[in-house]
Amino acid sequence: MAIHGHRHSREVPPAACAQTQEMAPKCQKRWGNAQRYLLTGDEWTAEQAYEWGLIQELVEPGEQFNVALDIAEKIASAAPLGVRGSLKSSKTAVSEGQEAAKQRLFPDLQPVMASEDVKEGIQSFLERRNAVFKGK
């Protein structure tokens, strides 16, 4: 998340910058732009970071905490096993590739589908109420 109109930079020499490991892969479609800023240390705007896919949302000054809290509350209200499974699958896809993530999907999904949380999710849907997930 970034604030409209604000500027950002790496502010450290390229060799010492951990951002190089994060920024370049995230900007694959705009690789040239990523390299320019990583190699020169030039500033970039919040709008550019949004366009490049480095951030998911632009917010007005002073709203960043409220927006972040809203996102965190949505994640916290989701089924914990589902959240953990989604994170695991997406991390596998990034680190080992889509094929590895696909191969692990059904084996990893079996314990989740047998969980109390799945039963709670179905029951809450049928009863038209918010689910109360326990991570079991």
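On the given criteria, is Val94 touching a Pro at 6+ places or on another chain (Cβ under 9 Å) and either closer than 29 Å to Asp117 by Cα or crowded, with 16+ Cβ neighbours inside 10 Å (or both)?
yes
Taking the condition under 19 Å from the mean Cα position of the chain (by Cα) and of a type in the set (Phe, Trp, Tyr), does Trp52 pass? Can you show your working first?
Details: under 19 Å from the mean Cα position of the chain (by Cα): yes; of a type in the set (Phe, Trp, Tyr): yes.
Yes; evaluated as a whole, the condition is true for this residue.
Counting the residues of the range 42-94 that are touching a Lys or Arg at 6+ places or on another chain (Cβ under 8 Å) and either in a loop (DSSP other than H, G, I, E, B) or touching a residue at least 60 places away in the same chain (Cβ under 8 Å) (or both) gives 4.
If we keep just the residues of the range 102-117 that are in a helix (DSSP H, G or I) and among the aliphatic types (A, V, I, L, M), which is surrounded by the fewest Cβ atoms within 10 Å (Cβ to Cβ)? Of everything passing the filter in the range 102-117, Met113 is surrounded by the fewest Cβ atoms within 10 Å (Cβ to Cβ). Exactly one residue among Gly85, Gly32 is surrounded by fewer than 11 Cβ atoms within 10 Å (Cβ to Cβ) and among the small types (Gly, Ala, Ser), and that residue is Gly32.
None of the figures in this text is laboratory data; all of them are computed from the coordinates on show. Quick caveat: nothing in here was measured; it's all calculated off a predicted structure. Neighbour counts are summed over all protein chains in view; Cβ atoms, including those assigned to glycine, are modelled from backbone coordinates with ideal geometry.
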